[in-house]
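The values are calculated or read from the model by the stated rules, or taken from the named source; none is laboratory data. Owing to the predicted nature of the structure, the values given are computational and were not obtained by experimental measurement. Glycine gets a Cβ as well: all are built from the backbone with ideal geometry, and neighbour counts include every protein chain shown.
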Amino acid sequence: MSSGRLQAHQSVSAYLRYLRRQLGYSEHTVRGYAADLEGMIEYFFPAEDGSERSLADLDVRDMRGYLAYLLSQGYARTTISRKLASMRSFWRHLADEGAVMDNVLSYLSSPKIPRRLPRFFYREQIEDVLSAPPGDTPEGIRDRCILEVLYSTGMRVAELVQMNITSVDADEGMVRIYGKGGRERIVPVGGHALRALKHYLREGRPILASRCKSGAGRALYLNHRGVRLTDRGVRWLVNKHVVKAGASGSPHTFRHSFATHLLDGGADLRSVQMMLGHSNLSTTGIYTHVSRATVRRVYDEFHPRSRGEGGVGVEGDDHSGCD
C-alpha cells in the first residue's frame, strides 16, 4: 500500500472518530460519511497505484476531475452533492488540524438541485395509519405508541430509539429528546400519544421486558426479545403498518406531517423549528411551501370557480425528503 493511500485511510479513520466522539453523530450518519470518503480514496489513491502523493497534494483541478468522473458514472446530482458535502466537511477538518494548507473544496460549488417538497400524510391518511397496529398484543400496543409519538413530537427515528423510560414526563406531558450532536430539547406530547405511552408502559412494555433474561434496562421501546428496539426495527414496523393502511411513507414522513399540520393550523415557524430541533430557521421554512401547496389543493378542490380557462392545479408536485 502506498504511503499516500495509507495516510488517507488513517486521516479518514481519525475523522470518523471525531464525528462519533466529539460531534456525537449517529452510527447511521457516520457510515454515510465513511462510504463517501472511501469512494474518494479509491479514486485518488487506487490500490494498484504506487504514487506517493498525499491528500495535501490534491488541488481544485483534481476535485473537478473527481466530480466529472462521478457524473460520467451516472450518479444523480443529489448523490454527487452529498458526496461533495462529505468531502468538504472532511477537508475543513483537515485544514483545522493543519494537515492541509487550504480547503480546496471551498472553491467548488455543489451541483444545482431543484428543491423538492417533503412527502407528508394528509389528515385522513394519518388516522388510518395510526389505527393500523392491533391493540391486543404487546407488539401492537408498542407499535401504536411509536406511531403516535412520531406524529405527536416530530422526532427522528434515531432520537426515538434512544429514549429511556425517564425520557417521558407523563405529569407534564413532555418528552426529553437528544438530537443531532447530542443537543437536548423538550417537546410536548399530545393527549392521544400520552395515552398510548401510558398504555404501553402499563400493558405492553412489561410483557416485552419479561422476555429478556438479563434485564431490559432503561430502554423505552423494546423488541420482541425484550431488548432496545433498533433504528432498523422501527423502520420495518412503520413500513408494515403504513402499507397495511394503504399509504406510502417512512418514519420521516411522520416528521414532515407533524410540521406541515402544525403550520396549517397556524403555528409559528420559530416554535416548529424548536420542536423539530433544526439549527437554522431556513431548514424549517421548507414546510411553509408545503402549507401553501396544501392551500392550493384545497382551493382547487372545493372552490366552484377554481378551474376556469388557464386554471392552475397542483398535480405532479414532487413530495420527497428533507431533514
Quiz item: Looking at the stretch 107-125, is at least one residue modelled with pLDDT of 90 or more, hydroxyl-bearing (Ser, Thr, Tyr) and either surrounded by 17 or more Cβ atoms within 10 Å (Cβ to Cβ) or not in a loop (DSSP other than H, G, I, E, B) (or both)?
Solution: no
Quiz item: In the stretch 210-227, is there at least one residue being of a type in the set (S, T, N, Q), under 26 Å from Asn164 (Cβ atoms) and buried (at least 16 other Cβ atoms within 10 Å of the Cβ)?
Solution: yes
Quiz item: Given Ser26, Ser13, which one is over 30 Å from Ser250 (Cα atoms) and of a type in the set (S, T, N, Q)?
Solution: Ser13
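Here is a yes/no grid of residues against (1) polar (S, T, N, Q); (2) closer than 10 Å to Pro251 by Cβ; (3) at pLDDT 95 or above:
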site: Arg142; (1), (2), (3): no, no, yes
site: Cys145; (1), (2), (3): no, no, yes
site: Val149; (1), (2), (3): no, no, yes
site: Ser152; (1), (2), (3): yes, no, no
site: Met155; (1), (2), (3): no, yes, no
site: Ala158; (1), (2), (3): no, yes, no
site: Val175; (1), (2), (3): no, no, no
Exercise. Only residues that are over 18 Å from Phe258 (Cα atoms) and part of a loop (DSSP other than H, G, I, E, B): list them for the stretch 148-180, please.
Key: Gln162, Met163, Ala170, Asp171, Glu172
Practice problem: Go over the candidates Tyr33, Tyr69 one by one and state the one that is among the aromatic types (Phe, Trp, Tyr) and surrounded by fewer than 14 Cβ atoms within 10 Å (Cβ to Cβ). | Solution: Tyr69
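To keep it simple, each residue is scored yes or no on (1) in the same structural domain as Thr260 (by TED's automatic domain parsing); (2) surrounded by fewer than 20 Cβ atoms within 10 Å (Cβ to Cβ); (3) in contact (Cβ under 8 Å) with a residue 24 or more places away in the chain; (4) out of contact with any Phe, Trp or Tyr (no Cβ under 8 Å at 6 or more places or on another chain).
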| position | (1), (2), (3), (4) |
| --- | --- |
| Pro133 | yes, no, yes, yes |
| Glu139 | yes, yes, yes, yes |
| Val157 | yes, no, yes, yes |
| Gln162 | yes, yes, no, no |
| Ser167 | yes, yes, yes, yes |
